[in-house]
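Engineer: So that we are looking at the same thing, I have put the structure below in structure tokens.
The values are calculated or read from the model by the stated rules, or taken from the named source; none is laboratory data. Keep in mind it's a predicted model, so treat the numbers as computed, not measured. Ideal geometry is used to build each Cβ from the backbone, glycine not excepted, and the neighbour counts take in all protein chains shown. Only protein heavy atoms, including side chains, enter the accessible area calculation; ligands, DNA and RNA are left aside. Shrake-Rupley method; radii C 1.70, N 1.55, O 1.52, S 1.80 Å.
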Amino acid sequence: MVVLHFIVDEILSKPAFLVGLMALIGLLALKKEITDIVSGTLKTIVGFLILTGGAGILVGALDPLSAMVKDGFNLHGVVPTNEAIVAVAQDAFGAQTAIIMALGFVVNIILARLTPAKFIFLTGHHLFFMATLLAVVLGSAGVTGTNQAILGGVLLGTIATMMPALVHPFMRKITGNAPFALGHFNSLGYIVSSLTGKAVGDKEKTTEDIKISPKLDFLRDSIVMTTLTMIIMYVILAIVAGPDSLKEFAGGSNYIMYAIVQAMTFGAGLAIILMGVRMILAEIVPAFQGIALKVVPNALPALDAPTTFTFAPTAVLVGFISSLIGGLISMAIMGPLGLVLIIPGMVPHFFDGGTSGVFGNATGGRRGAIIGSFINGILITVLPAILLSFLGSLGLANTTFGDSDFAWVGILMAYIAKLGVGGMYAAVIIVSALFIALASYVSIKDKKAQVQENE
């Protein structure tokens, strides 16, 4: 258990080390020179640390924004935050989470080796979050020990294989057939956004071609555009909420100036994320060819959501705003539906909403980005509210999981847990088989489409 905890806590749950390990294995498999192995491995790890540092800056800048929304509109309820709910859960479910995550990662590799869905999920913190969710839902339903580990691990590995496969046909449209996939557990939102864009929009009218006056040409810079938009949003909310809402954050600083600085800090965080993404992709994609050739032939690395940001930066901003609006409108109907009030969390709405904007834009242009991410905002508000009732005592923690896949998987597992141990094994086997069959079908169909496109 000590060794297992070290592997899970110090390697698998840390995206930088996990992806760095994969880069190392890939470079060794390619029999690269020692200098290339050291350089490629370290650059991959550093790139992820840059991305993580940028995300930390961005999340810190979003904290006061959430406070202003709550105080400005006098809202009290649950704010979905993956990191918060996972931290609370570790006291009671830490060991179970470690075992489920380790087993799930092994199952993912086996399924990628044996099935047409050849995707290895490398977003370590999302694997950790999903393992925690499964441990909590199963534990709250009274399923513990070996049964909890096996059932949770099998389902985790299956979900980690299926979701990148289902979203990949749309991911290819974004990246232009780049040799990597998306590994992020809001894939339901991205698929819905893509399908919505395809149904209502025109992919030729992309967000990236929005015409701007020559005098405003500087707004074509995604960092400048994002920062200016956030400054306007922060200042308006600061005025509505008043100085007291930012007293805890600003200290003795003027609250308006503090809001402006946080908005610019948000822009800085985004710039750092984009730099980290470029660095990771430059190293991990060539290195992963070694794994694809030796360990899992033709496999693709499934990477975090910000890897899509560089392909449509304007769509990220459009998606964030549209998703947030969808969340606010959904919040207004929580009471009549008898659900817990879910206050929009800025972190999931930025990352999930922004990525949904990129997917909606790829299939439906500007209209797809707006409407697709708006629907995503509804999903990540309503589904977490439904999930709360299945989290046992953790449902009282004033937070919950913030992404759509955590919600639907948790709800599904909660209903399966009512079948008894024998029924649960039968249900998990059937569900996993159906999921892998669906993932394999989509992968085969997508591979044929890719071949036809290349011809």
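Engineer: Out of region 21-51, which residues are more than 29 Å from the chain's Cα centre (by Cα), of a type in the set (S, T, N, Q) and within 24 Å of D304 (Cβ to Cβ)?
Structural biologist: Listed by number, the list is empty, since nothing qualifies.
Engineer: I'd like the full set of residues that are part of a helix (DSSP H, G or I), exposed (fewer than 12 other Cβ atoms within 10 Å of the Cβ) and charged (D, E, K, R), limited to region 441-455.
Structural biologist: K448, E453
Engineer: To continue, here is another question. Do we find a residue being touching a residue at least 60 places away in the same chain (Cβ under 8 Å) and crowded, with 23+ Cβ neighbours inside 10 Å anywhere in region 322-329?
Structural biologist: Keep residues of region 322-329 that are touching a residue at least 60 places away in the same chain (Cβ under 8 Å), which gives none.
No.
Engineer: While we're looking at this one, here's another question. Kindly indicate whether any position in region 9-22 is modelled with pLDDT of 80 or more and among the β-branched types (V, I, T).
Structural biologist: no
Engineer: Which condition number does S389 fail, the rest of (1) over 30 Å from P344 (Cβ atoms); (2) surrounded by fewer than 16 Cβ atoms within 10 Å (Cβ to Cβ) being met?
Structural biologist: For S389, the failing item is (1).
Engineer: Further question: Checking L412 against (1) modelled with pLDDT under 95; (2) in contact with a Leu (Cβ under 7 Å, 6 or more places away or on another chain): exactly one of these is not met. Which one?
Structural biologist: (2)
Engineer: Test each condition in (1) modelled with pLDDT of 80 or more; (2) open to solvent by less than 30 Å² (accessible area, probe 1.4 Å) for V200 and report the one that comes out false.
Structural biologist: (2)
Engineer: Same structure again: Under the condition of being open to solvent by 60 Å² or more (accessible area, probe 1.4 Å) and over 30 Å from P169 (Cβ atoms), which residue from region 420-440 is nearest to the chain's Cα centre (by Cα)?
Structural biologist: Y425
Engineer: Just need a number here: residues in region 171-184 that are of a type outside the set (A, V, I, L, M), crowded, with 24+ Cβ neighbours inside 10 Å and part of a helix (DSSP H, G or I). Full working, then the answer.
Structural biologist: Just the residues of region 171-184 that are of a type outside the set (A, V, I, L, M), to begin with: 172-173, 175-177, 179-180, 183-184.
Cutting the leftovers down to crowded, with 24+ Cβ neighbours inside 10 Å gives us 183-184.
The next check asks that each one be part of a helix (DSSP H, G or I); those that pass are none.
Of the residues in that region, 0 qualify.
Engineer: So which residues in region 139-165 are under 24 Å from the mean Cα position of the chain (by Cα) and of a type in the set (V, I, T)?
Structural biologist: V154, T158, I159, T161
Engineer: Now for a different question. How many residues are in a helix (DSSP H, G or I), of a type outside the set (G, A, S) and crowded, with 16+ Cβ neighbours inside 10 Å when one looks only at region 396-407? Quick ask: steps written out before the conclusion?
Structural biologist: The initial filter retains those residues of region 396-407 that are in a helix (DSSP H, G or I), namely 396, 404-407.
Now drop any that are not of a type outside the set (G, A, S), which leaves 396, 405-406.
Among the residues that remain, those that are also crowded, with 16+ Cβ neighbours inside 10 Å are: 405-406.
Adding up the residues that qualify gives 2.
Engineer: So I120 ticks every box in (1) in a helix (DSSP H, G or I); (2) surrounded by 24 or more Cβ atoms within 10 Å (Cβ to Cβ) but one. Which box is left unticked?
Structural biologist: (1)
Engineer: Only one of V88, V3, V107, V59 is touching a helix residue (DSSP H, G or I) at 6+ places or on another chain (Cβ under 7 Å), at pLDDT 75 or above and open to solvent by 20 Å² or more (accessible area, probe 1.4 Å); which? Reasoning before the result, please.
Structural biologist: Working: V88 fails: at pLDDT 75 or above; V3 fails: touching a helix residue (DSSP H, G or I) at 6+ places or on another chain (Cβ under 7 Å); V59 fails: at pLDDT 75 or above.
Going through V88, V3, V107, V59 in turn, the sole match is V107.
Engineer: Now a separate question. Is it the case that region 405-422 has a residue that's under 30 Å from M331 (Cβ atoms) and charged (D, E, K, R)?
Structural biologist: Of the residues in region 405-422, the ones under 30 Å from M331 (Cβ atoms) are 405-418.
From what's left, charged (D, E, K, R): 405, 418.
Yes, some residue in region 405-422 is under 30 Å from M331 (Cβ atoms) and charged (D, E, K, R).
Engineer: Hey, among T307, T314, which residue is touching a residue at least 24 places away in the same chain (Cβ under 8 Å), under 16 Å from A181 (Cα atoms), in a helix (DSSP H, G or I) and not acidic (D, E)? Give the derivation first.
Structural biologist: Numbers: T314 fails: under 16 Å from A181 (Cα atoms).
T307 is the lone residue from the list that is touching a residue at least 24 places away in the same chain (Cβ under 8 Å), under 16 Å from A181 (Cα atoms), in a helix (DSSP H, G or I) and not acidic (D, E).
Engineer: Considering region 237-248 alone, what residues qualify as being open to solvent by 100 Å² or more (accessible area, probe 1.4 Å) and closer than 25 Å to S322 by Cβ?
Structural biologist: At the first step, the residues of region 237-248 found to be open to solvent by 100 Å² or more (accessible area, probe 1.4 Å) are 239, 244, 247-248.
Matches in region 237-248: I239 only.
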